[in-house]
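The block underneath contains the structure these notes are about, expressed in structure tokens.
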Amino acid sequence: MSKRLEFRMQDAQGGVIGLDGLLSLVGDNNWVWSVLDFDGVGNGPSGLTCAEFRDTVGSLPQGYVMSWPQLREFAAGVQQCFDLLLVAASDRRLLKPDRLAVDDFSDCLIVLTADDSTWWTVEVISESEVSADLVRSLPRQ
């Protein structure tokens, strides 16, 4: 059974909860992460601009796949996330393009979504110690 939590990107003190801040709530892991959709401001991974990264993400059937350290480095360079679809899986083979294309994330562990610079949605598909810690630490609204 999955757990889904939606909360505003702006916290009670008026600060913005960015991608880096959200990921800081996720414990270290050895999952495979894939960016399936992205629009934002800042630096893309591997020296790409955000526009180049957005275009690259859209052209890859498994999305832009990264390790946890690569994802954290990317997130640190994102100043603002307008839209994002990010999934984690225990193995890259579980990122099946035909399923991802129809938003079937049942083989994923976690799905993180940013919507219109306003909302974060975190859906935990498969419970683990890391995902349980994440759910406990998320803001409630």
- Message: I need the helices of the chain that pass two filters: whole DSSP H segments spanning 30 Å or more by Cα along the axis, and mean Kyte-Doolittle score no lower than 0.5.
- Response: none
- Note on the structure: For the Gln13, Ala51 Cβ pair and Förster radius 25 Å, calculated FRET efficiency rounded to 0.05 is 0.20
- Message: If I build a Gaussian network model for the chain, linking alpha-carbon pairs within less than 10 angstrom, which residue out of Thr49, Thr121, Thr113 has the largest mean-square fluctuation?
- Response: Thr49
- Taking the simple approach of a point 7 Å from Cα along Cα-to-Cβ for both Thr118 and Asp83, what is their distance in nm? 1.4
- Item | Selection from Leu86, Thr49, Pro69, by position along the positive dipole direction of the chain (Cβ) | Pro69
- Item | Proximal charge balance of Gly44 [Cβ under 12 Å; K/R count +1, D/E count -1] | -3
- Rounded, prolate or oblate: which fits the stretch 1-99 when a ≥ b ≥ c are the square roots of the eigenvalues of the alpha-carbon gyration tensor, with rounded for a/c under 1.5 and prolate only if a/b beats b/c? oblate
- Here, Arg92 and Glu73, labelled 7 Å along Cα→Cβ, have an inter-label distance in nm of 1.6
- Task: With a point put 7 Å past each Cα toward its Cβ, work out how far Asn30 is from Leu60 in nm, to one decimal.
- Result: 2.1
- Rounded if a/c is under 1.5, else prolate if a/b is larger than b/c, else oblate: which is the stretch 27-85, with a ≥ b ≥ c the root eigenvalues of its Cα gyration tensor? oblate
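Throughout, read-outs are computed from the coordinates displayed, never taken from laboratory work. Quick caveat, the model's predicted, so the values are computed rather than measured. Cβ atoms come from the backbone with ideal geometry, glycine included; neighbour counts cover every protein chain shown.
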